[in-house]
Ligand code: UD1
Ligand code: CA
């Protein structure tokens, strides 16, 4: 594979059309900000450097990258006022001026572009001076249109707002992913003019200039035009979520996870699931959850961040788990909340059990031992402990700081040891 020397990711815009205080690139798709998905695209090119252009809500964007996407190849460029995509790349140039080689530009609001498409794009630089990604779409909804001469050669890109009615009828659009030579960017970016409807410096004009100069510009058409979903509104975000969700589910299916109904299964980025596990319909798995092999989850189950299910665990109908570490073969099958709890092997959590982890101010931890049997409707008020082989009666309320010794049965409200029969 030909690797791109430099990748620039544009992430300075506010995203006014999102109608949200959150900067556009931090809006999440399947538990991960748009920018994270785009940085994956950048990494797929195995570049020497990745320059992220930030501006709007810069501190929050940088903090996200440093905390969750940290990579020694990433540097930031500061674009204080967003004068357009061409201006953004010009600002980035300060971080790699003179390095030569190729530069791929990615827009931070295009999360669906596949690594394969980028590799094809960069491959074009062997024969062409620059390359752009295009898609043939039914609804061009705001995208720049690709202009071609009669012989089909790339001639330029016109933004929708600058286009004539005839140009607007063109269905070949600019995806917003390009490969340039650094020397062309150095030469042409300073020459851009704000002579357009938006009064901006358009990166797309660099391509037009290269074509005018008589150099060849290659285009790579996306095989799947739906990869060209760009996020400008919350409706676009929802559309992209569905597409990325399907990719995540396909990956789990390939790994041997039996997902009965992909249409009603929500699994975030970063979830690990072992082979032979079955995910039943209407299940939501969010955050860094790890599920072992041969588990059963759902239907109607919500697993949240920090939850770990060991092999063969079963979490069923209307159960929610947060930071729950569940041992092998343990079952919680109905109407249960497991928050901040560690449960041993082969325990049984009865229907309607609530681990009351929150006292209104702090969260507390609960432990439940191996083979424990928690009776239906038990409330375990954290912090508390249920020992190995211990049992609670139906409706028992295990009070704060209580610790049921191994093998004992506690019942009632508040729960007390059941007198041993003689
Ligand atoms: C752009 C393209 C358009 C293409 C479309 C596809 C240009 C001039 N137009 O339009 O041809 O069809 O993308 O996605 O490039 N940004 C900055 N700084 C700026 C301006 C933008 O960092 O000064 C960032 C934005 O945060 C965003 C990306 O660049 O991530 C694209 O900007 P946006 O305003 O969304 O461009 P479009 O109007 O969608
Ligand atoms: Ca856009």
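Read-outs: derived from the displayed coordinates by stated rules, not from any lab. Keep in mind it's a predicted model, so treat the numbers as computed, not measured. All Cβ positions, even for glycine, are placed from backbone atoms using ideal geometry, and neighbour counts span all protein chains on display.
Key figures
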read-out: Every residue from the stretch 223-235 that is in contact with a helix residue (DSSP H, G or I) (Cβ under 9 Å, 6 or more places away or on another chain) and either within 13 Å of residue 141 (Cα to Cα) or in a helix (DSSP H, G or I) (or both); value: 226, 227, 229, 230, 231, 232, 233, 234
read-out: Which numbered condition residue 147 misses (of (1) away from ligand 2 (no atom under 16 Å from the Cβ); (2) surrounded by fewer than 22 Cβ atoms within 10 Å (Cβ to Cβ); (3) under 15 Å from residue 222 (Cα atoms)); value: (3)
read-out: Qualifying residue in the stretch 191-206 (condition: under 15 Å from residue 221 (Cα atoms), touching a helix residue (DSSP H, G or I) at 6+ places or on another chain (Cβ under 9 Å) and within 16 Å of ligand 2 (Cβ to nearest atom)); value: no
read-out: Total residues in the stretch 145-200, condition in a strand (DSSP E or B) and closer than 30 Å to residue 94 by Cα; value: 16
read-out: Which numbered condition residue 419 misses (of (1) more than 27 Å from residue 299 (Cα to Cα); (2) touching a residue at least 12 places away in the same chain (Cβ under 8 Å); (3) more than 35 Å from the chain's Cα centre (by Cα)); value: (2)
read-out: Count of the stretch 267-307 residues which are surrounded by fewer than 17 Cβ atoms within 10 Å (Cβ to Cβ) and in contact (Cβ under 8 Å) with a residue 60 or more places away in the chain; value: 1
read-out: Residue selected from the stretch 72-86 under the condition surrounded by 14 or more Cβ atoms within 10 Å (Cβ to Cβ) and part of a loop (DSSP other than H, G, I, E, B), by the criterion farthest from ligand 1 (Cβ to nearest atom); value: 73
read-out: So residue 192, is it within 23 Å of residue 38 (Cα to Cα) and either surrounded by 22 or more Cβ atoms within 10 Å (Cβ to Cβ) or in contact (Cβ under 8 Å) with a residue 40 or more places away in the chain (or both); value: no
read-out: Residues located in the stretch 230-239, provided they are away from ligand 1 (no atom under 12 Å from the Cβ) and touching a residue at least 24 places away in the same chain (Cβ under 8 Å); value: 234, 237
read-out: Qualifying position, being buried (at least 22 other Cβ atoms within 10 Å of the Cβ), assigned to a helix (DSSP H, G or I), within 16 Å of the chain's Cα centre (by Cα) and within 16 Å of ligand 2 (Cβ to nearest atom), among 38, 89, 113, 65; value: 38
read-out: Some residue of the stretch 119-137 being under 26 Å from the mean Cα position of the chain (by Cα), farther than 24 Å from residue 187 by Cβ, more than 10 Å from ligand 1 (Cβ to nearest atom) and in a helix (DSSP H, G or I); value: yes
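Yes or no, residue by residue, for (1) crowded, with 22+ Cβ neighbours inside 10 Å; (2) in a strand (DSSP E or B); (3) without any contact (Cβ under 8 Å) to a residue 40 or more places away in the chain; (4) more than 32 Å from the chain's Cα centre (by Cα):
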position	(1), (2), (3), (4)
340	no, yes, no, no
346	no, no, yes, yes
351	no, no, yes, yes
360	no, no, yes, no
376	no, no, yes, yes
